[in-house]
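Here's the structure, in structure tokens; my notes come after.
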Amino acid sequence: MAWSKFPYSDDAYTYTAASLKKAWARLHAGDAEPFPKDAALVEAWIAFHAGEFEKAAKLGLEQGMDGYAVANKATGIYANYLEKSEKKKLALFEEVAQRCEEQQKEQPKNPAAWYWHAYALGRYAQGISIVKALSQGIGNKVKHSLDMTIKLAPKHADAHIGLGTYHAEIIDKVGAMIGGLTYGAKKEEGIKFFKAALKLNPDSAIGRIEYANGLVMLEGKKKMDEAVKLYEEAAACEAKDAMERLDVELAKEELED
């Protein structure tokens, strides 16, 4: 069954190979992905940034493991934002995680193999419930993959966001004491990771959204004003591609609710 279409049309997200290369550092401040050497992969990334997620995934997979980064990012972002069926969404996250596990064996020094594994398992965990996921050992896998990402790519802003969310989700669901003793989750660590992410990628709407959510999980209602301010900043961010547009629209929706 065909994937749902990206719901916004904006020519500003349509890059050429030359304009993509020029914008690459800004577009990939979150995932620290290097500019591809292969022209076919450049085309896959052009499709991704334009919101043609199904095409991006297909083009990426045609290039084998070297195309996994764009294929997994396209699949993960599509599943998270645009897939309506919960069953299909979870299946897509499982698909990404499985590909990443293959890639970790073949390309253990590729940060994308670890980050998209953590992303897919983290979103899968949110889908089935964090407590259930923890009982299945998914939490430890997520943390290990995020730690590996940062070890391989210290400036990977999105992995810092992921670790901030890891600490916040666990403390929110099992409490500070069990979270700390069993999973190494600490409030101060979570906040430190969120702040580091925004320092690495100051234009990130999703960094502000996840930081806001994390603050409320860690501190409760007393941080609500700060969380709302972060959401307002996220809604005001200038989207440079389809993924960023989905983040900005998410922030706007949350503020309206």
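Things to note:
- Residue check, LYS229 touching a helix residue (DSSP H, G or I) at 6+ places or on another chain (Cβ under 9 Å), surrounded by fewer than 20 Cβ atoms within 10 Å (Cβ to Cβ) and not acidic (Asp, Glu): yes
- Within region 242-257, restricting attention to residues that are within 16 Å of ASN201 (Cα to Cα) and out of contact with any Asp or Glu (no Cβ under 9 Å at 6 or more places or on another chain), the residue that is surrounded by the most Cβ atoms within 10 Å (Cβ to Cβ) is MET243.
- When ASP11, ASP66 are checked against the criterion of being surrounded by fewer than 19 Cβ atoms within 10 Å (Cβ to Cβ) and either modelled with pLDDT under 95 or in contact with a His (Cβ under 9 Å, 6 or more places away or on another chain) (or both), ASP11 stands alone in meeting it.
- Residues that are β-branched (Val, Ile, Thr) and in a helix (DSSP H, G or I) within region 1-57 comprise VAL42, ILE46, listed in sequence order.
- Annotation note: of ALA18, ALA23, ALA12, ALA44, the sole residue that is within 21 Å of HIS117 (Cβ to Cβ) and out of contact with any Ser or Thr (no Cβ under 7 Å at 6 or more places or on another chain) is ALA44.
- Number of the condition not met by LYS109 [criteria: (1) part of a helix (DSSP H, G or I); (2) more than 18 Å from the chain's Cα centre (by Cα)]: (1)
- Checking LYS37 against (1) more than 25 Å from GLY207 (Cβ to Cβ); (2) in contact (Cβ under 8 Å) with a residue 12 or more places away in the chain; (3) of a type in the set (Lys, Arg), the condition it does not meet: (2)
The values are calculated or read from the model by the stated rules, or taken from the named source; none is laboratory data. Please read these numbers as outputs of a predicted model, since none were measured by experiment. Note: ideal-geometry Cβ built from the backbone for every residue, glycine included; neighbour counts use all protein chains shown.
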